[in-house]
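Shown next, in C-alpha cells, is the structure this report addresses.
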Amino acid sequence: MAAARERFAQDGYERATIRAIAADASIDPSMVMRYYGNKEKLFAAAAEFDLQLPDVHSVPRDQIGATLARHFLVRWERDETLPALLRAAATNEAAVERVREIFGRQLLPLVTAVSPEPGEVMFRAGLLATQMLGLALCRFVLRLPPVAALTPDEAAAWLGPTIQRYLTGSPARD
C-alpha cells in the first residue's frame with residue numbers, strides 16, 4: 001500500500017502502472033491483481049485525502065460558505081489525489097466508497113458544528129458534498145472552461161451563498 005501511495009503521488013493516476021507499483025514493493029504484479037483486481041481498486045484503497053477543513057469556529061458565521069468554497073478550490077489545486085479519485089469513482093464502486101468515506105468522516109464534524117438542526121446534519125453534509133464534488137468534477141476532471149477559469153475568490157462569490165444556505169439556512173419556500 002505504501003508503494004502504491006508513493007507511486008500514485010509521484011506519477012499520478014494515469015501514469016502509474018501496476019508493474020511499477022509491484023516493482024516498488026518488490027512483489028510480483030500478479031499479487032497486486034489478486035488482492036485488488038485492477039488499478040482503479042488499488043487506487044481507491046490507497047487514496048488518502050485530507051480535506052484540511054478550516055476551523056469554522058474562527059470564521060464569522062455568515063462567511064462559512066464562502067470560506068469553504070475558497071478553501072476547497074485552493075486545497076484541490078495543491079493535490080491531484082481527489083481529481084484522480086473522482087475519475088476512478090466514475091467507473092469503480094471501491095472508489096465511490098472511498099469518496100463517501102472521506103467526505104463523510106471529514107465533513108460531518110464541520111456540519112455538526114454549524115447546523116441549526118441536529119437532525120439535519122447528514123442531509124446538510126450531503127448537500128455540501130454535491131457542491132464541492134460538482135465543482136471538483138467540472139473544474140479538475142471535465143475541465144469545463146468557465147468553471148476552470150474561476151479564481152478561488154470568484155468561486156467563493158458564486159458558490160458561497162449556496163453552501164451557506166445548505167449549512168445554516170432554510171430551504172426556499174414559495
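The numbers here are math on the coordinates, done by the rules we state, and not lab data. Not measured: the values here are computed from a predicted model.
Laid out as a table, the results:
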quantity	calculated
Under Karplus coefficients 6.51, -1.76 and 1.60, residue-wise ³J(HN,Hα) of region 8-14 in Hz, glycine/proline x	4, 5, 6, 9, x, 4, 5
Phi to ³J(HN,Hα) by Karplus 6.51 cos²θ - 1.76 cosθ + 1.60 over region 137-146, Hz, x for Gly, Pro	4, 5, 7, 9, 9, 7, 6, 5, x, x
Value of D in µm² per second that Stokes-Einstein yields for region 56-168, Kirkwood Rh from Cα pairs, at 20 °C (1.002 mPa s)	149
Rh by Kirkwood over Cα pairs, then Stokes-Einstein D for region 2-46 at 0.890 mPa s and 25 °C, µm²/s	245
Gain upon complete extension [LEU142, ASP11; 0.36 nm per residue less C-alpha separation]	45.2 nm
